[in-house]
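Data first, discussion second: the structure below is written as structure tokens.
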Amino acid sequence: MIVQTCINGARSADFHPALPLDAEAMARDGAASVAAGAAELHVHARALDGRESLTPAAMDRTVLGLRKACPGTLIGVSTGAWIENDGLRTLVSIAGWRELPDYASVNFSEPAAPIVMESLRQRGIGIEAGLASVADAERLVGLDHGGRVLRVLIEISEQTLDEAFAVADGIEQVLERAGIRRAILLHGENATVWPFVRRAADRDWSTRVGLEDGKHLPDGTVAAGNAALTAAAVAIFQAGR
């Protein structure tokens, strides 16, 4: 069980003054998050104009910077369909990466998930299977029984806690019935970040925090940045041991 830090996501600059949006800022922020206890980093690379990008220029610059700043730390990226907004451009981008991430998240709600997964496998990149609904979990079972993914990423966007827990429980039940035995990383978003950090700690699962998912600390105050969010999650995990 580990704490992964998701340092930026699709957030815009006005979300938080410390949001890292260029490769140098991501490298500095990644190093600070690792120092605060992050075992892995998840990043959305940005083009020079600040927009999310999967292009080799943006990805290589970002991954290389993080490798230099955080030697030995696993680096993950998103392959969200909205980033390039074109399936062919996504595949061409992945094929052109020179600085390879250790793993990439694939959203199972997206139609192109199977072909994106195959493209990643051809490059030797691990896959986080992103499940946000029971239907996503059933799709994972139907595709390859979850046997060829690095980890299952249960990511809950519902903001009412009872609804969020119900979706997470439904996904877990599908995985259990299918006998899928892969590492699980569980996280919430905005209002549900910390309840899901605690749930992950209780279940001995991994979790993630960071400005992609939310900017508030457990006490409701706005965090200074990703390092503070990371330290708070690590403290919850350590308290549960």
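Computed quantities for the displayed model
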quantity: Residues satisfying the stated conditions in the stretch 166-196, i.e. within 25 Å of Ala231 (Cα to Cα), open to solvent by 50 Å² or more (accessible area, probe 1.4 Å) and touching a helix residue (DSSP H, G or I) at 6+ places or on another chain (Cβ under 9 Å); calculated: Glu189, Ala191
quantity: Top-ranked residue in the stretch 215-241 [being of a type in the set (Val, Ile, Thr) and outside any helix (DSSP H, G or I); ranked as surrounded by the fewest Cβ atoms within 10 Å (Cβ to Cβ)]; calculated: Thr221
quantity: Answer from Glu163, Glu212 - the residue that is open to solvent by 10 Å² or more (accessible area, probe 1.4 Å) and within 26 Å of Pro20 (Cβ to Cβ); calculated: Glu212
quantity: Which numbered condition Gly87 fails, given (1) loosely packed, with under 15 Cβ neighbours inside 10 Å; (2) at pLDDT 95 or above; (3) more than 20 Å from Gly210 (Cα to Cα); calculated: (2)
quantity: Candidate set from the stretch 19-40 (those that are small (Gly, Ala, Ser) and open to solvent by 40 Å² or more (accessible area, probe 1.4 Å)); member that is nearest to Gly76 (Cα to Cα); calculated: Ala39
quantity: The stretch 76-86, residues that are in a helix (DSSP H, G or I) and not charged (D, E, K, R); calculated: Ala81, Trp82, Ile83
quantity: Members of the stretch 41-72 found to be within 16 Å of the chain's Cα centre (by Cα) and either open to solvent by less than 30 Å² (accessible area, probe 1.4 Å) or of a type in the set (Ser, Thr, Tyr) (or both), listed by number; calculated: Leu41, His42, Val43, His44, Ala45, Arg46, Ser53, Leu54, Met59, Thr62, Val63, Leu66
quantity: Residues within the stretch 147-160 that are crowded, with 20+ Cβ neighbours inside 10 Å, in contact with a helix residue (DSSP H, G or I) (Cβ under 8 Å, 6 or more places away or on another chain) and either hydroxyl-bearing (Ser, Thr, Tyr) or closer than 14 Å to Val106 by Cβ (or both), tallied; calculated: 3
quantity: Test result for Glu110, out of contact with any strand residue (DSSP E or B) (no Cβ under 8 Å at 6 or more places or on another chain), surrounded by fewer than 21 Cβ atoms within 10 Å (Cβ to Cβ) and under 19 Å from Val149 (Cα atoms); calculated: yes
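Each row is one residue, and each column tells you yes or no for (1) of a type in the set (Gly, Ala, Ser); (2) out of contact with any Asp or Glu (no Cβ under 6 Å at 6 or more places or on another chain); (3) assigned to a loop (DSSP other than H, G, I, E, B); (4) free of Cβ contacts under 8 Å to residues at least 40 places away in the same chain.
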| position | (1), (2), (3), (4) |
| --- | --- |
| Gln4 | no, no, no, no |
| Arg11 | no, yes, yes, no |
| Leu19 | no, yes, yes, no |
| Glu24 | no, yes, no, no |
| Asp29 | no, yes, no, no |
| Ala32 | yes, yes, no, no |
| Ala38 | yes, yes, yes, no |
| Asp49 | no, yes, yes, yes |
| Ala58 | yes, yes, no, yes |
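The values are calculated or read from the model by the stated rules, or taken from the named source; none is laboratory data. Everything numeric in this text was worked out from a predicted model, so none of it was measured. Every residue, glycine among them, receives a Cβ derived from its backbone with ideal geometry; neighbour counts consider all protein chains shown. These area figures cover heavy atoms from the full protein model, side chains too; ligands, DNA and RNA do not enter into them. Shrake-Rupley method; radii C 1.70, N 1.55, O 1.52, S 1.80 Å.
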